[in-house]
Amino acid sequence: MRLFKRRAVHLALAAFALWPVVQIGLVRAYDVNPWKLAGWGMYAVPQIPARVRVWGLTAKESYEVGSLPPELQRSLDAFLERRRGLRGLARPTALGEQMLAHYSAIEGIRIVVIQPRLDPRTGLIEERTTTYEYRR
Amino acid sequence: MPGRLESFLARFDSDTTGPDRSKSRSFQIIVTLVLCGEYWTQSLRGWSLLGVGDFLALAIVTSACPAVITDRGRRIAFAALVGLQIWYIWANFPHTGNHRYLELFFVGLFAVLDDRRADERRLLLQSLRFAVVVVLFYSGLQKLIHGYWFHGQFLAWSMWRESFDVALAPLFSPAELERLSGLEGVAGDGPYRVAGLHLTLLSNAVWASEMSLALLLLVRRTRVLAWVVAAGLIVAVQIVARELMFGLEFLGAILLFARRDLVSRAVWPVVAGLALLLMMRLGLLPEMIFH
């Protein structure tokens, strides 16, 4: 066997063994879904889908956006899909920009991601929110 | 460092090398068949939504089967499967199931290493067994560090899933089942914990056994016990989780630890299992939810 081939396989084995450590780091730092990214964390954590609430911001007030037009709803769904895997690494920037372009009368968009989580210590479901604001 | 790695990998050498080539080929056939079954059962679920890429994927995975089985263009077929898996992982990122990464690892090894050569066959089998140990160990470690298995929190939460309910409901008291079924999964709900000692022990046994089996597989003296128990664990887990494609592949990989060539004997049962799953998707058999 050529030395290059042997070294390449050894490198692949080392990467295979060490990558889960990196994935665990991503989970800790960015709340990435432990089930994903080849960390072998399937069934380690209950998976609860996040939901999103959106507010339009003007100079004087904010109002919650109810139903979205189809193209924005698709973008929202796509963001939630990415969020399901990448959690904190998935930001709704594209969605925010699309909404600013669509709603011309507003000055900003506030997107609040509500992530339910089962607290392992208490066994109770808690919610963590992350807020993103996009302004013109 | 290279010498140390090779010394470490020598732990994964076969106890007897006689059946190595047969084991290697049979496992390659199992992985290819499972990949084929996976793409077809997924495609049959949403046939009308398939695009050109999906049909190309089906063509690649289907044509890989005779190439691998007959050994005519086998490594070329695996090279094509490497490309296919990379495409699938990218197209579905970040939701790609972990078993897809494992499959990519397997087909990559099959493409690169020529198992007709004794030294490459040795490294191939070492690598496949090494992968089993890595996956088992981290699967247990992840459960340990996230803490949802110390008091059965994950099991209690999962009782809404039909497969978990069917398999585990007999272990819960009627009062606890009623309590859990009344929870709605909203903020403040709970506690999602199990009450019985037997369930707490079962829950902790899952992660503890995964990690300990991984370590016991490293030691020749405990290897037979370890692979037998690991095989039983995988079967038990898949009865609940129904990750059947992963289960078939991983069980095949665990059988690589056996002294005798049990992998070859597993090929036809795998074919039968995949046929059953395909028939379910085609509506010829009652549908069972599986992943």
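Checking B:R72 against (1) exposed (fewer than 14 other Cβ atoms within 10 Å of the Cβ); (2) within 14 Å of chain A (Cβ to nearest Cβ); (3) not in a helix (DSSP H, G or I): exactly one of these is not met. Which one?
(2)
Which residues, counting only those in region B:192-219, are free of Cβ contacts under 8 Å to residues at least 60 places away in the same chain, in contact with a Leu (Cβ under 8 Å, 6 or more places away or on another chain) and crowded, with 19+ Cβ neighbours inside 10 Å?
B:Y192, B:V194, B:L199, B:S203, B:L216
Keeping to region B:35-65, report how many residues are of a type in the set (D, E) and in contact (Cβ under 8 Å) with a residue 24 or more places away in the chain.
Number of matching residues: 1.
Out of B:A195, B:A208, B:A266, I need the residue that is among the aliphatic types (A, V, I, L, M) and over 24 Å from B:V135 (Cα atoms). Which one?
The conditions single out B:A195.
Taking the options B:W157, B:W149, name whichever one is surrounded by 15 or more Cβ atoms within 10 Å (Cβ to Cβ), over 22 Å from the mean Cα position of the chain (by Cα), under 27 Å from B:R100 (Cβ atoms) and facing chain A (nearest Cβ under 10 Å).
B:W157
Could you identify the single residue in A:A50, A:A94, A:A44 that is touching a Lys or Arg at 6+ places or on another chain (Cβ under 6 Å) and free of Cβ contacts under 8 Å to residues at least 40 places away in the same chain?
A:A44
Being in a helix (DSSP H, G or I), within 9 Å of chain B (Cβ to nearest Cβ) and aromatic (F, W, Y) is true for just one of A:F79, A:F4, A:F16. Which residue is that?
Selected residue: A:F16, the only one of A:F79, A:F4, A:F16 that is in a helix (DSSP H, G or I), within 9 Å of chain B (Cβ to nearest Cβ) and aromatic (F, W, Y).
Given the conditions (1) closer than 30 Å to B:G190 by Cβ; (2) part of a strand (DSSP E or B), and given that A:T122 satisfies all but one, which numbered condition is not satisfied?
(2)
Taking region B:1-45, which residues are of a type in the set (S, T, N, Q) and farther than 26 Å from B:R265 by Cα?
The answer is B:S7, B:Q42, B:S43.
With respect to A:G39, determine if the residue is of a type in the set (G, A, S) and either more than 14 Å from chain B (Cβ to nearest Cβ) or exposed (fewer than 14 other Cβ atoms within 10 Å of the Cβ) (or both).
no
Checking A:L72 against (1) within 12 Å of another protein chain (Cβ to nearest Cβ); (2) in contact (Cβ under 8 Å) with a residue 24 or more places away in the chain, which test does it fail?
Here A:L72 meets the rest and fails (1).
Quickly run through region B:75-96 and pick out the residues that are without any contact (Cβ under 8 Å) to a residue 12 or more places away in the chain and of a type in the set (F, W, Y).
Answer for region B:75-96, where residues must be without any contact (Cβ under 8 Å) to a residue 12 or more places away in the chain and of a type in the set (F, W, Y): B:W90, B:F93.
Which condition number in (1) in contact with a helix residue (DSSP H, G or I) (Cβ under 8 Å, 6 or more places away or on another chain); (2) over 27 Å from A:P116 (Cα atoms); (3) within 14 Å of chain A (Cβ to nearest Cβ) is the one that B:H198 fails?
Failing condition for B:H198: (3).
Out of (1) farther than 22 Å from B:I254 by Cβ; (2) at pLDDT below 95; (3) not in a helix (DSSP H, G or I), the odd one out for B:Y148 is which?
It fails just one condition, (2).
Kindly evaluate B:T16 against the criterion of being of a type outside the set (D, E, K, R) and over 30 Å from B:L276 (Cβ atoms).
Spelling it out, B:T16 is indeed of a type outside the set (D, E, K, R) and over 30 Å from B:L276 (Cβ atoms).
Of all residues in region A:108-121, which are over 20 Å from A:S75 (Cβ atoms) and surrounded by 14 or more Cβ atoms within 10 Å (Cβ to Cβ)?
Scanning region A:108-121 gives A:P116, A:R117, A:L118, A:D119, A:P120.
The values are calculated or read from the model by the stated rules, or taken from the named source; none is laboratory data. Everything numeric in this text was worked out from a predicted model, so none of it was measured. Positions of Cβ are backbone-derived with ideal geometry, glycine not excepted, and every protein chain shown enters the neighbour counts.
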